[in-house]
Structures are given as structure tokens and as C-alpha cells.
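Encoded as C-alpha cells, the structure appears first; notes follow it.
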Amino acid sequence: MTIGLVLFLVASNTQTGWVYLLSGTIFGALITGWWTSRRALRPAGFRLWVPVSAPRGQGFAATLSWTSAARGYPAYWRPLEGLRLDQQGRETARLEQNVREQRLWLIAERRGVYAWLDGEITCYGPLAWFAARRALTPELSQPLHVLPRRLQMTQTALQVLSRGELGERRGQPSGQGDLRRLREYQVGDDVRSIHWASSARRGELVVREFSQGGALQLVLCWGCHPEAVHELEAFEEMLDWVYTYFAHARESGWPVQLLAPQPDGSWKASDRAETLACAEPLATPAAPASNEAEGWARLDFWLGPHPGSVFGGGARVFEFGQRASQERRLA
């Protein structure tokens, strides 16, 4: 008000005062808009509820909650790196004044484990000019594991996970094997395995006995040739295929293990896909010993040339990088 009064006095006592009055009015409006935006932006209590894991390149739902965003004006939030928003084509989420929670659709762009998520909140104020911006890192409900991308598999590749391609396994992937024989019912047997037709003919209860290990048990192993550890793009492509096989096998109900190399030269087995989120290219001069004797079939994914270990049961090797094998193309 003081600046406006001074400009008015100047304008009323000079012939060119109207120029100063007009310029001062515009300048004062801009200063007021900037100052109002800064005063209105008051973020507090931001928290982002995320799932345990999500594949790279695939969207997932999350919930953003907050205590306050901007007083009197809407605010806009967006993540900065690793993930991006897709709010019906917009990459920012509009935070309304009277709302304290909003459903978001996020897309992971980079594999890894996110313990925090850097972002930015913006308030444009009354004139939508000179927006006020602040860095904002919402608290995550739990660490987010961004898994490799899940790829499409051809029918030829799916046959590798079905019958005849890995060992000689048959039967349903539900845990039951082939029908071995019919025997008399014993206390403790599952009543669902009773063969009622044979029981009626014999006059006593008869149950089905299945062979063990009918379901395919699969080990997915990966490693890196010492000369190929810097081929990061090929390494990410290799992990994409590891996760693709893992996801398809899991959906079919088969037990699956991931065998990952460790910095000390050992191998660590895990049945959790989150292992792939923190995988790094480590020099692996040799492949682990085969565990076919324990009833597991194995697929090896290797960055660069494979060390050349020989496995029983028709195990396969997929090589990635400059020396891609023909078997890789089957996938």
C-alpha cells in the first residue's frame, strides 16, 4: 500500500507519472503473487504408501497422504528420479485444499531399492506466476523394490518351463505328482485322495498315492564373466529374462529359487523376487555346482561367455552381451 501511495503521488504531480504508475502496478502485482505463493506453501506430514515390489516399466497404485500442502491454493507434487507419475497423462498430482489423501499411479523407470523418494511440491498462488517450489521427500510406508522388467515369452520359451525340456518331470504343478498306485486307507490320509469307485468295488476305503516331486522345481542362476561386468545395459536385459522366467514359473505353481553370486565368491539362494531388485554385476569366474541330485532343474543366465560347467538333466545356458547364444533367441 505504501508503494502504491508513493506512485500515485508521483503520477499526480508529473506529466509522465502514469508510466511509473502502470509499471509500478505490474511490478507490485508480481511481487505480491510471488510473496503470496511463498507464504501459502506449507507442506507437512507427507507419507507415501507403496507396495513391497513392482516391476520396472509397469504401473502400480500408491497412496499419498499429508497433513497440509498449501493454504488457500492447490499444490502440485511429483517425484524427481526413478519413478514418474501418470495421472491421466499428467506427470504431477494436484493436491486439493480440503483433501488429505490421494490415490496415485506410479511407473518405475529404474531398477533398485528405494528407501526414500525425492520429489518436489509447487504452489502457483493467485496469479499462477513465479511459483513457489520446495524439495519434498515423503516418508515411505516401506522400502520399494523395483524389479526388472517382465517381458513377453514365446510358446517355445514356455515349453522350457513345461514338460520334457528340463529333466523328465511330469504331472500337475500343484505339488501332486503322477498317480503311483491305489492302496488301503490309513488313519491320517487326506479324504480328498479317496478313490470312491475302487472303494465301492472292494468294500473298503482306497486312496490314491502320488509320486513325489511331480511339480517342476526350478533354479534360476545368473553370473557375469569378469570381462563383461561393465556391460550394464546387457546386464539389465539379462535380469529382465531372469525375472520373466521366475514370474511365469511362480504363476504356474512351481517352486523356484534364485541363485545369486556374492562379493566373497559364494552363492546365495532365495525364493524372493526382491533379490533381483538389488542385484549388481559381479565378476563370476565359475558357475556353482549343480544340485540336480536334489531334484531341481536349473537355468543359467550369464553376462558374457559361460564358464562351461556341464549339468545333468538337460540344463540350459543363456548368454547375454556381445556373444549372445542361439538359445537366448528362443526366449
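The values are calculated or read from the model by the stated rules, or taken from the named source; none is laboratory data. Model, not experiment: these values are computed from the prediction. Positions of Cβ are generated from backbone atoms using ideal geometry, with glycine treated the same way; all protein chains shown enter the neighbour counts. Each accessible area value is taken on the protein alone, full model and side chains, heavy atoms only, with ligands, DNA and RNA left out. Shrake-Rupley method; radii C 1.70, N 1.55, O 1.52, S 1.80 Å.
Scan segment 24-42 and give yes if some residue there is touching a helix residue (DSSP H, G or I) at 6+ places or on another chain (Cβ under 8 Å), closer than 28 Å to Arg133 by Cβ and either open to solvent by less than 40 Å² (accessible area, probe 1.4 Å) or at pLDDT 90 or above (or both), otherwise no. So that I can check it myself, show each step before the final result.
First pass over segment 24-42, keeping only residues touching a helix residue (DSSP H, G or I) at 6+ places or on another chain (Cβ under 8 Å): 24-25, 28.
Narrowing further to those that are closer than 28 Å to Arg133 by Cβ: 24-25, 28.
Now restrict to residues that are either open to solvent by less than 40 Å² (accessible area, probe 1.4 Å) or at pLDDT 90 or above (or both): 24, 28.
Checked segment 24-42: at least one residue is touching a helix residue (DSSP H, G or I) at 6+ places or on another chain (Cβ under 8 Å), closer than 28 Å to Arg133 by Cβ and either open to solvent by less than 40 Å² (accessible area, probe 1.4 Å) or at pLDDT 90 or above (or both).
Pairs please, first residue from segment 94-112 and under 30 Å from Ala277 (Cβ atoms), second anywhere and among the hydroxyl-bearing types (Ser, Thr, Tyr), Cβ atoms under 9 Å, 6+ apart in sequence or on different chains.
Every condition considered, the pairs that remain are Leu95/Tyr76; Glu101/Thr63; Glu101/Ser65; Gln102/Thr63; Gln102/Ser65; Arg103/Thr63; Leu104/Thr63; Ala108/Tyr114.
State yes or no: is Phe320 among the aromatic types (Phe, Trp, Tyr) and at pLDDT 80 or above? Break it down into steps so the answer makes sense when it comes.
Values: among the aromatic types (Phe, Trp, Tyr): yes; at pLDDT 80 or above: yes.
Yes; evaluated as a whole, the condition is true for this residue.
Quick check: is even one residue across segment 87-94 within 30 Å of Trp35 (Cα to Cα), open to solvent by 40 Å² or more (accessible area, probe 1.4 Å), at pLDDT 90 or above and not charged (D, E, K, R)?
Within segment 87-94, one or more residues are within 30 Å of Trp35 (Cα to Cα), open to solvent by 40 Å² or more (accessible area, probe 1.4 Å), at pLDDT 90 or above and not charged (D, E, K, R).
Could you run through segment 206-242 and say how many residues are surrounded by fewer than 18 Cβ atoms within 10 Å (Cβ to Cβ), touching a strand residue (DSSP E or B) at 6+ places or on another chain (Cβ under 6 Å) and either at pLDDT 80 or above or assigned to a helix (DSSP H, G or I) (or both)?
Of the residues in segment 206-242, 2 are surrounded by fewer than 18 Cβ atoms within 10 Å (Cβ to Cβ), touching a strand residue (DSSP E or B) at 6+ places or on another chain (Cβ under 6 Å) and either at pLDDT 80 or above or assigned to a helix (DSSP H, G or I) (or both).
Can you confirm whether Ala61 is assigned to a strand (DSSP E or B), among the aliphatic types (A, V, I, L, M) and within 30 Å of Glu236 (Cα to Cα)? Lay out the reasoning, then the answer.
On the way: assigned to a strand (DSSP E or B): yes; among the aliphatic types (A, V, I, L, M): yes; within 30 Å of Glu236 (Cα to Cα): yes.
When the stated conditions are applied, Ala61 passes them.
Take Pro255 and decide whether it is farther than 25 Å from Leu147 by Cβ, modelled with pLDDT of 80 or more and open to solvent by 40 Å² or more (accessible area, probe 1.4 Å). Steps first, answer last, please.
Working: farther than 25 Å from Leu147 by Cβ: no; modelled with pLDDT of 80 or more: yes; open to solvent by 40 Å² or more (accessible area, probe 1.4 Å): yes.
Against the criterion (farther than 25 Å from Leu147 by Cβ, modelled with pLDDT of 80 or more and open to solvent by 40 Å² or more (accessible area, probe 1.4 Å)), Pro255 does not qualify.
Do any residues in segment 221-248 that are closer than 16 Å to Pro55 by Cα have Cβ atoms under 7 Å from those of residues that are of a type in the set (Gly, Ala, Ser), where the two are at least six apart or on different chains, and which pairs are they?
Within 7 Å, the pairs are Leu239/Ala279; Trp241/Ala331; Tyr243/Ala273; Phe246/Ala273.
Being closer than 12 Å to Leu41 by Cα and open to solvent by less than 20 Å² (accessible area, probe 1.4 Å) is the filter here; which residues of segment 60-76 pass it? Spell out how you get there, then give the answer.
Just the residues of segment 60-76 that are closer than 12 Å to Leu41 by Cα, to begin with: 68-76.
If the condition is that a residue be closer than 12 Å to Leu41 by Cα and open to solvent by less than 20 Å² (accessible area, probe 1.4 Å), then Ala69, Ala70, Ala75 are the ones that fit.
Conditions first: (1) modelled with pLDDT of 70 or more; (2) on the phi < 0 side of the Ramachandran plot. Asp189 passes all but one, so which condition is the exception?
The number of the failed condition is (1).
For Arg90, are the conditions met, namely being more than 27 Å from Met238 (Cβ to Cβ) and of a type in the set (Lys, Arg)?
Taking the combined requirement at face value, the residue satisfies it.
Among all residue pairs at least 6 apart or on different chains, which show Cβ distances below 8 Å where the first residue, located in segment 45-70, is without any contact (Cβ under 8 Å) to a residue 24 or more places away in the chain and the second is part of a loop (DSSP other than H, G, I, E, B)?
If the second residue must be part of a loop (DSSP other than H, G, I, E, B), the pairs left are Gly45/Trp66; Gly45/Thr67.
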